[in-house]
Amino acid sequence: MTVTPTATIAKRSFVANRPEHVGESVTLQGWVHSRRDLGGVRFLLLRDRTGVVQCVFGKVELPIAESCVHVSGRVVESKKAPGGLEVQAETLEIIAAATEPTPIEIPKEEWNVNPDTLLEYRHVSLRSPKARAVLRVQAELVRAFRDYLTGEQFTEIFTPKLVAAGAEGGAALFEVDYYGRRAYLAQSPQLYKQIMVGVYERVFETAPVYRAELSHTSRHLSEYLSLDVEMGFIDSEDELMELEEALLKSMMAHVAEHCAAELALLEAEVPDLSATFPRITLLEARDLVASRYNHQTGGKDLDPEAERLVGRWAKEEHDSDFVFVTNYPQAARPFYTYPIENGLTRGFDLLFRGLEITSGGQRIHTYAMLVEALQNRKMDPEAFKGYLEVFKYGMPPHGGFAIGAERLTALLLNISNVRFARAFPRDGSRLQP
Ligand code: AMO
C-alpha cells in the first residue's frame, strides 16, 4: 500500500514508501515490533500501518517492544534486510514507552501461542501482522459489500439493536433491563429490514447482532457482524440467489485486487469465480450425502458433516467453492419464510467451502398469510403484533439474506475459528477485552 502523507504530518514517511527514498533521509513513526542486540550493532524492527522495516543503530539503548517511536535515518539497500532495504538510523525519539513487556511476543504470535492466550491479550495480539491482515481483509469485504449494493440502488439502513421481541424465534436472546421493562439485543434486523423495503425497495445493513449461543463451537459467536440484504418486487428466491452470487463474486474480486499482500501473508486464495454457484434442494442434498458419501442426516436441517460433504460435492462436480441449498422444509425455517407445496419453503442457505455462511429466502408479504403461518405453527399472533403491523400497509413480494461476516472471512482466509475473524469476540466465556 502506498500512503500519501497528509499536510499535518507532511514530514512523516511510511515503511511501504521506502523504495522511493533510497539514499535519502526519512522520518518514520511507529512501534518497536522487535529489537535485537548483536553487540556493536542493534536492530530495531519498526512497524507502522504500512509494514515493518529494519532500522540499524549503533550502541544505543533501544526501547522495549511496542514502545511508540520516531526514527530518522537514511534508506539504504541491504541484501540481508527483509524487503532488501533498511534504515541506517540517525536519531531515535521515544514517543510513548511501553511500560512493561508485552504478555505475548507479537512477532511470534503466528506459530507458538495458545489461542486462548491470544484472545485474552487481544488488545496487543491484534497488532501482529497476521491478526491485522485478517481484519483488514474483512474491512475490504465489507467495503465491497457496500459498494456493490450501493451500485445496484440499495440504500444503507441502520436499525435498532435494542428491541422488544426476538426476530428469529428460539431462545437465543439476550435480555436487557430497559428502564425497568424487558428488552432484548437484536438477533437480526429481520423485521426492520423488511419494514425498510416498504420505504426504499432495496436495503442493506452491516451491523452486529446478538445470539445467546450456548453451543461452544468454532463457528458461533454471541455477537457477530451480519451483512444483511433485503429487496422488494421479486418473482422468487432465484433473484435473491442471483444477486448474492454476483455480490459475492464482486466482493472476492475486490479482495483479490486490494489485499494481495494480506492474502499472501495468510497463504489464502480467493476462490475461482468462473463457475456458477450450483444449486441443490435440501432433499436432494440429503439423498446425495447418503448415496455418494454414505452419510445419513435425519434432521430437518443439514448437520455440519452433511454441509461439509455438500461442499465437497460442489467442488468435485462443479469446481465451485460455493453451493446454494434450496427449498428448506418449513420446520427448519422461521415462520416468515414463504411456504410452497409439500411443507417446503422458498428459503435457502449458501455454503462456502462446506460451511453455512448465509440464510435467506423469500418472505411472506401479506398480513393474512402471516397470521395463518403463525397459527399453523401454534404460535400466538398476539405475541407478534409488532412484527405484523407493517404488513397491513401494502408490502411487495420481497426477500433477502444475511451473510455472517466472520464466517465468510474465516473461510476465505483458512482460519479454523471465527473468533479470530472478529477483533473482540464475545462467546459464552468471554466478555473482555
Ligand atoms: P441466520 O440465523 O441463519 O439467518 O443467520 C445468518 C447467517 O449469520 C451467521 N451466523 C452466525 N455467525 C457467527 N455466530 C453465530 N452465532 C451465528 N449465527 C448465525 C451465519 C448464518 O448463515 N434473518 C436471517 C437471515 C435472512 O433470512 O435474511 C438470519 O438471521 O453465517
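Read the figures in this text as sums done on the coordinates, not as results from a lab. Predicted model, so just to flag it, every value in this text is computed and none were measured. Using ideal geometry, Cβ is built from the backbone for each residue, glycine included, and neighbour counts are taken over all protein chains shown.
Can you check how the C-alpha radius of gyration of the chain compares to 2.2 N^0.38 Å, as a plain ratio?
1.16
Between GLU257 and SER25, what is the label-to-label distance in nm when each label sits 7 Å out along the Cα-to-Cβ direction?
So the two model labels end up 4.1 nm from each other.
Could you point to the residue in ILE280, SER250, TYR224 farthest towards the positive end of the stretch 145-304's charge dipole, with +1 and -1 charges on the Cβ of Lys/Arg and Asp/Glu respectively?
TYR224
Could you pull out every residue, at least 5 positions away or on a different chain, whose amide H is within less than 5 Å of the one on ASP427? Hs are placed 1.01 Å off N in the peptide plane, and Pro or chain starts have none.
The answer is SER222.
Along each of its three principal axes, how wide is the spread of alpha-carbon positions in the stretch 3-96, in whole angstrom units, largest first?
Dimensions of the stretch 3-96 along the principal axes of its Cα atoms: 39, 31, 19 Å.
For the chain, modelled as a GNM with alpha-carbon contacts under 10 angstrom, which of MET395, MET379, MET241 fluctuates the most?
Highest fluctuation of the listed residues: MET379.
How much length would be gained if the chain were fully extended between HIS123 and GLN432, taking 0.36 nm per residue of separation minus their Cα-Cα distance, in nm to one decimal? If you can, show how the numbers build up before the last one.
On the way: separation 309, 0.36 × 309 = 111.24 nm, distance 0.96 nm.
Using 0.36 nm per residue and subtracting the Cα-Cα distance, I get 110.3 nm.
Between helix 367-376 and the chain, what is the angle of the helix's C-alpha long axis to the longest principal axis, kept within 0 to 90° and rounded to the nearest 10?
Here the helix axis deviates by roughly 90 degrees.
Compute the distance in nm between two label points, each set 7 Å from the Cα along the Cα-to-Cβ direction, one at PHE233 and one at ALA96.
My value for the distance between the label points is 5.1 nm.
Please give the contour-minus-distance gain from GLU389 to ARG146: 0.36 nm per residue of separation, less the Cα-Cα distance, rounded to one decimal in nm. Spell out each step's value before the answer.
Numbers: separation 243, 0.36 × 243 = 87.48 nm, distance 2.92 nm.
Roughly 84.6 nm would be gained on extension.
Return the lysines within reach of LYS193: Cα separation strictly under 27 angstrom, same-chain partners fewer than 8 residues apart disregarded; answer none if there are no such residues.
Those lysines meeting the cut-off are LYS161, LYS249, LYS300, LYS378, LYS385, LYS392.
Of all beta bridges DSSP finds with both residues in the stretch 122-421, what is the antiparallel percent, to the nearest 5?
90
Between helix 304-318 and the chain, what is the angle of the helix's C-alpha long axis to the longest principal axis, kept within 0 to 90° and rounded to the nearest 10?
In the chain, helix 304-318 runs at an angle near 80 degrees to the longest axis.
For LYS161, project a label point 7 Å along Cα to C-beta. Then give me every residue of the stretch 394-408 with its amide nitrogen under 20 Å of that point.
402-408
For the pair GLN153 and LYS378, what calculated FRET efficiency results from E = 1/(1 + (r/R0)^6), where r is the Cβ-Cβ distance and R0 = 45 Å, to the nearest 0.05?
Between LYS378 and GLN153 the formula returns 0.65.
Enumerate the calculated ³J(HN,Hα) couplings along the stretch 337-347 in order (Karplus 6.51 cos²θ - 1.76 cosθ + 1.60, θ = phi - 60°), each rounded to whole Hz, writing x wherever the residue is Gly or Pro.
Working through the residues one at a time gives 6, 5, x, 10, 5, 6, x, 9, 9, 8, x Hz.
Taking the Cα centre of each part, how many Å lie between the stretch 279-312 and the stretch 163-212?
31
Angle check, please: helix 129-151 long axis (alpha carbons) against the longest principal axis of the chain (alpha carbons), in degrees 0 to 90, nearest 10.
It is inclined by approximately 50 degrees.
Report the label-to-label distance for THR217 and LEU135 in nanometres (one decimal), using points 7 Å from each Cα along the Cα→Cβ vector.
2.6
Quick check on packing: order 397-405, 68-76, 16-24 by the mean number of other C-beta atoms within 10 Å, highest mean leading.
Working: 397-405: 23.8, 68-76: 18.0, 16-24: 14.2.
Result, highest mean first: 397-405, 68-76, 16-24.
What order, most packed first, do the peptides 306-315, 85-94 have when packing is the mean number of other Cβ atoms within 10 Å of each residue? The partial results should precede the final answer.
On the way: 306-315: 21.5, 85-94: 17.1.
Highest-to-lowest ranking by the protection proxy: 306-315, 85-94.
May I have the extent of the alpha carbons of the stretch 287-433 along their three principal axes, as whole Å values ordered from largest to smallest?
Principal axes ranked by extent give 47, 46, 27 Å for the Cα atoms.
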